[in-house]
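Inspection log for the structure reproduced underneath, given as structure tokens.
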Amino acid sequence: MLKNFLCVFFVLFGLACGAQVFEQHWVETFAWQGFGTGYTDKFEVFGARWRVRYRTLNPGPLSVTLFDSKEAQVLPLVSRPVKRRTMGYEQFKHSFGEKFLFVEGSMGGWRVSVEEYVDSVEEWKHKRWVNDQPDLERKAVWAGAGEREFTYEADGAWKLEYEQKSDGLMQIQAFNQAGELVFDSFGSKNGLQSGGCIHTAGSYTVKITTSDVAWCVYALQTLDKKSH
């Protein structure tokens, strides 16, 4: 009798565990926020379905474009040039390969995120992928106050970060060698930290427009493990 009871117990326990493993739910796996224009980090998805959710933080224009490296696709998701609040999402089926977003907004601010419909195994795969991403190190640092323009030579993908050191309106832009805008951000408060990714090697011009605001700018690239 006891043996039969234990058999039933373990069968039910196994079914319950299996149900938890394969129970799917929506979860936010990536998110970015900015004030202007820029590229997000690269990301991969593991859920059977996934979506890009977007919204403006204040009334203002918003454009979001999805770049799919494996499929060699460029997909416009939303383009709202009018100065009003915008929110929504675009949903997709699972596809392999790295992806990233290009967001064009205003100083009113925006937020974009990736949500995936995953079970616990797929969620674990996502966390492992995030943990496996290489560390970044600072390759160059610039600091000062007021307007400035300088050049950075990138031998691969890199990330531009900045920190505002005093109150006042400041704009920081980055242009590639062809003069195309790849990053544009606004700030007004001391302590603001922001940045964006640039996914192509090359020569870039970074331009800071302000009156007497103090700032610090960093160029980061993948950590060179051979030198550590």
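Using mean Cβ contacts within 10 Å as the protection proxy, how do 50-59, 25-34, 122-131 order, highest first?
Going from most to least packed, we get 50-59, 25-34, 122-131.
Run the dipole for the chain about the Cα centre, Lys and Arg Cβ at +1, Asp and Glu Cβ at -1, nothing else charged, and hand back the magnitude in debye, nearest 20.
540 debye
Along the charge dipole of the chain, pointing to its positive end and built from +1/-1 on Cβ of Lys, Arg, Asp and Glu, which listed residue (PHE30, PHE100, MET170) has its Cα farthest out? Of the listed residues, the answer is PHE30. Take the Cβ atoms of ASN131 and THR65, set R0 to 25 Å, and the FRET efficiency comes out at 0.35. Dividing the convex hull volume of the alpha carbon atoms of the range 44-155 by its residue count gives 164 Å³ per residue. Computed 3J(HN,Hα) for the range 100-107, one whole-Hz value per residue from the Karplus formula 6.51 cos²θ - 1.76 cosθ + 1.60 where θ = phi - 60°, is 7, 10, 10, 10, 10, x, 9, 5, glycine and proline marked x.
Calculate the dipole size of the range 136-222 relative to its Cα centre from +1 charges on Lys and Arg beta carbons and -1 charges on Asp and Glu beta carbons; express the result in debye to the nearest 20. Numbers along the way, then the final one.
Numbers: 7 positive and 11 negative charges, 29 e Å.
About 140 debye.
The H on the amide N of ARG80, modeled in the peptide plane, is under 5 Å from the matching H of LEU62, SER63, each at least 5 residues off or on a different chain. So how tilted is helix 120-131 from the main axis of the chain? Cα-based, degrees 0 to 90, rounded to 10. Helix 120-131 sits at roughly 30 degrees to that axis.
When the C-alpha to C-alpha distance is required to be over 24 Å, the pairs from LYS99/LYS207; LYS42/LYS93; LYS83/LYS165 that qualify are LYS99/LYS207; LYS83/LYS165. Dipole magnitude for the range 24-131: computed about the Cα centre from +1 point charges on Lys and Arg Cβ and -1 point charges on Asp and Glu Cβ, it is near 420 debye.
Once all Cα-Cα distances of the chain are split into 5 Å bins that start at 0, what whole-number percent is in each one? The distribution over the chain is 1, 6, 12, 14, 15, 15, 12, 8, 5, 3, 2, 2, 2, 1, 1, 0, 0, given as percents. For the chain, the longest principal axis of the Cα atoms and the long axis of helix 2-22 meet at an angle of about 20 degrees. Mean residue ellipticity at 222 nm from the helices of the chain, using -39,500 (n - 2.57) per DSSP H segment of n ≥ 4 over the full residue count, to the nearest 500 deg cm²/dmol? Here the helix-only value at 222 nm equals -5000 deg cm²/dmol.
For the range 63-68, backbone phi angles converted through the Karplus equation (6.51, -1.76, 1.60; θ = phi - 60°) give residue-by-residue couplings of 9, 10, 10, 9, 10, 10 Hz, Gly and Pro being listed as x. Given their separation in residues at 0.36 nm each and the Cα-Cα distance between them, LEU75 and ALA143 gain 20.8 nm when the chain is fully extended. Its convex hull of Cα atoms gives the range 100-228 a direction-averaged projected area, equal to a quarter of the hull surface, of 9.7 nm².
Report the gain in length on full extension from THR200 to ALA31: 0.36 nm times residue separation, minus Cα-Cα distance, nm rounded to one decimal.
Values: separation 169, 0.36 × 169 = 60.84 nm, distance 2.16 nm.
Computed gain between THR200 and ALA31 is 58.7 nm.
Throughout, read-outs are computed from the coordinates displayed, never taken from laboratory work. These figures come from a predicted structure and were not determined experimentally. So basically every Cβ, Gly included, is an ideal-geometry build from the backbone, and we count neighbours across all protein chains shown.
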